[in-house]
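Take a look at the structure set out below.
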Amino acid sequence: MLQPKIGILDHVAIAVRDLERSKKIYELLGLEFEKDEEIVIDQGVKTAFAQIDQNAHLELVTPHGEEEKAIHKFLNKNGEGIHHICFLVENLQYAMDNLTSEGYRVLYEKPQIGAKGRLVNFIHPKSAGGVLIELSQKED
Ligand code: CMX
């Protein structure tokens, strides 16, 4: 199978307890956060994005809602810190099939709707050297 086109870093996500408080250090370092924060219901998170360069962003991500989702669990276990990295792919289903056929553990059977309404999926950290990797389908 041909290699999927993976390689453009879209964002590094940091799990935080308080978005506003956590923005400050990055603003002092010159990053500017998008005015609108986004709630991603399916993931139980609220996010704030800041552009770093043409492709890459910093994402601050915090729990939203009552349900105990992945980000709650991560914060309870590890405290604040780097949560995942996200790469853009041309075709998410293709990338998922390719990774699965190579023995990697992709979390969802079907692409999910993530931040910015993009199709996303994740590679389990236990099959990716301890790093949670998100794949996000590039917008046209
Ligand atoms: N980075 C690295 N390792 C992680 C991790 C992370 N973010 N989250 C969990 N782990 C590790 C745990 O520490 C644990 O390791 P040990 O067994 O050595 O203690 C192991 O993975 C646990 O795996 P698990 O029992 O399968 O499941 P968890 O309940 O801890 O959930 C995961 C892990 C990846 C399945 C879950 O976090 C998930 O579904 N993530 C995808 C969705 C997501 O992260 N959403 C939030 C962000 C959304 C957004 O930004 O839009």
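No value in this document is a laboratory result; all are computed from the given coordinates. Fair warning: this is a prediction, and the values are worked out from it, not measured in the lab. Here the Cβ is made from the backbone with ideal geometry for all residues, glycine too, and neighbour counts use every protein chain on show.
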Study note, to complete from the structure: Mean-square fluctuation maximum in Gaussian network of the chain, Cα pairs under 10 Å, restricted to Phe74, Phe33, Phe122, hits Phe74
Practice item. Have a look at Tyr94, Ala56, Ala70 and report the one farthest towards the positive end of the charge dipole of region 55-97, computed about the Cα centre with Cβ charges (Lys/Arg +1, Asp/Glu -1). Key: Ala70
Exercise for review: Please give the direction-averaged projected area of the C-alpha convex hull for the chain, in square nanometres with one decimal.
Suggested key: 8.8 nm²
Check your understanding: Based only on Cα atoms, what Rg/Rh ratio does region 80-140 have, Rh being taken as Kirkwood's radius?
Key -> 0.95
**Study point:** Inter-label distance, nm, simple model (7 Å from Cα along the C-beta direction), Leu9/Glu37
**Key:** 2.5 nm
Exercise for review: Could I have the simple spin-label model distance between Tyr94 and Ile82, label points 7 Å from Cα toward Cβ, reported in nm to one decimal?
Suggested key: 2.9 nm
Point to revise | Spacing of the two label points (7 Å from each Cα toward its C-beta) at Lys126 and Lys138, in nm | key: 3.3 nm
Review point. Contour minus end-to-end for Lys116 and Ala56, with contour as 0.36 nm per residue of separation and end-to-end as the Cα-Cα distance?
Key: 20.2 nm
Point to revise | Residue list for region 12-53, given a label point 7 angstrom along the Cα-to-Cβ vector of Glu68 and an amide N cut-off under 19 Å | key: 16-17, 42-46
